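Asks: Have a look at this one before I ask anything.
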Amino acid sequence: MASTTSPKDERISLLTSMGFESIQVEQALQICGGNVERALECLISSDGYLGGWGGTAPATTNSSITNHQSQLSLVQSDISQYSNALGRSACTAIALTLAYDCSRQLLSNVSPESVFDSKFLSKSINDGIKLYSELSTTNNNSSSSSGVEHSSVEELLAACSGRDNVIFSSLKLLPNSPRQGVLSNSSNHHHMGLEMLLAQCQMDSSESTYIAVIITKPPETVLVILPTQRATKTTTNTNVKFILIDSHPRPQQLAPYFPRGSYALFHPTLSSLVSSLKEIFPMTELGDGVPELMQMMYNSFDIYPFQLSRG
């Protein structure tokens, strides 16, 4: 006798069997286009509270916030990717747009604080959403079924390759990229940890100023701007900035700022930048019964270091 259980019901049953509430599971599946793996990532990374997608996140009780926050400065916009109905899944397209915009602005030896303001953020967010919307429309009008929702950086670059678009063609990945790392509660100096991988990007760049690094931990993508090794040697410490640029609101994170729109958060050191990133992308403990390989898979992230081609 044929089963009467639909594929959707099977996906819901699988995720609820892991301890998530059915209403959370249904919302995550809707957000992730029915993809079980991405829905699970979404549920785990948000601890079941999908506040970034319109729900209400719980009040934070994180006691690990350190004094590094007092050394930071924030620029934020009133809008985020969620201000536009088309922007819900546009964070990777926005990050690519920001990577180009930031790299172009920082080609000359200017202070980052003179470049990034609320107007700059708002324009880049809207341009990224427009690009995402155009790619979605193109895909819907074609025979392709891959879509662009929650697409990887590679998928978006491929989707743009046939378009009359010189922007992304001028963004060049550093050699041996993308690079994969694993979130951990141990020292940042682990060879696959955030700090070591970002430091390696600084050393590998031939630029004299800054490089743009996209960090993807499904279902979210953010951008960081790093001074290259050459820049740190030729610029005074007070002028060197490590910048986190995020199209997501973080009303329960990054105290005392709790950004409610897109933002650029300026850090004096790489370590302080990594501290902020760990608030956004905390390591997920899946329990003693979960194999180590699966633990690593759910705590993995990808980084895409770009520099602007001068050719």
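The values are calculated or read from the model by the stated rules, or taken from the named source; none is laboratory data. The model shown is predicted, which means the values in this text are computed figures rather than measured ones. Reconstructed Cβ throughout: ideal geometry from the backbone, glycine too, with neighbour counts over all protein chains shown. SASA here: full protein model, heavy atoms, side chains in, ligands and nucleic acids out. Shrake-Rupley method; radii C 1.70, N 1.55, O 1.52, S 1.80 Å.
Asks: Accessible surface of E279 in the full protein assembly, 1.4 angstrom probe, to the nearest 10 Å²?
Replies: About 30 Å², ignoring ligands and nucleic acids.
Asks: By average Cβ neighbour count within 10 Å, what is the ranking of 86-96, 20-30 from highest down?
Replies: On the way: 86-96: 24.4, 20-30: 17.5.
For the peptides 86-96, 20-30, the packing ranking is 86-96, 20-30.
Asks: Give the lysines reachable from K241 as a straight Cα distance under 21 Å; neighbours fewer than 8 places away on the same chain don't count.
Replies: K119, K233, K278
Asks: Take peptides 263-273, 215-225 and line them up by average Cβ neighbours within 10 Å, highest first, as a rough protection proxy.
Replies: Details: 263-273: 20.5, 215-225: 23.9.
Packing proxy ranking, top to bottom: 215-225, 263-273.
Asks: Hey, another quick one. Figure the gain on full extension for S206 and N239 (residue separation times 0.36 nm, minus the Cα-Cα span) and round it to one decimal in nm.
Replies: On the way: separation 33, 0.36 × 33 = 11.88 nm, distance 1.97 nm.
So the extension gain works out to 9.9 nm.
Asks: With charges only on Cβ, +1 for K and R and -1 for D and E, what is the dipole size of the stretch 214-311 about its Cα centre, in debye, rounded to 20?
Replies: Details: 8 positive and 7 negative charges, 135 e Å.
I would put it at about 640 debye.
Asks: Per-residue accessible area for L308 at 1.4 Å probe radius, Å² rounded to 10?
Replies: The accessible area of L308 comes to roughly 20 Å².
Asks: Next up: So which trypsin sites (Lys or Arg not before Pro) in the stretch 201-297 are both in a DSSP loop and have at most 15 other Cβ atoms within 10 Å of their Cβ? All intermediate terms of the calculation are to be shown ahead of the outcome.
Replies: Values: sites: R230, K233, K241, R260, K278; in loops: K241, R260.
Sites meeting the loop and neighbour criteria: R260.
Asks: Once Rh is set to the Kirkwood radius over Cα pairs, what Stokes-Einstein translational diffusion coefficient, in µm²/s, holds for the stretch 90-129 at a temperature of 4 °C and a viscosity of 1.567 mPa s? Please report the intermediate quantities before stating the final value.
Replies: Working: Rh = 10.3 Å.
Estimated via Stokes-Einstein, D reaches 126 µm²/s.
Asks: Rounded to the nearest 10 Å², what accessible area does K130 have for a 1.4 Å probe in the complete protein model?
Replies: 120 Å²
Asks: Please compute the Kirkwood hydrodynamic radius over the stretch 182-229, one decimal place, Å, based on all pairs of different Cα atoms. Walk me through the numbers on the way to the answer.
Replies: Numbers: mean 1/r = 0.0863 Å⁻¹.
Evaluated over the stretch 182-229, this radius sits at 11.6 Å.
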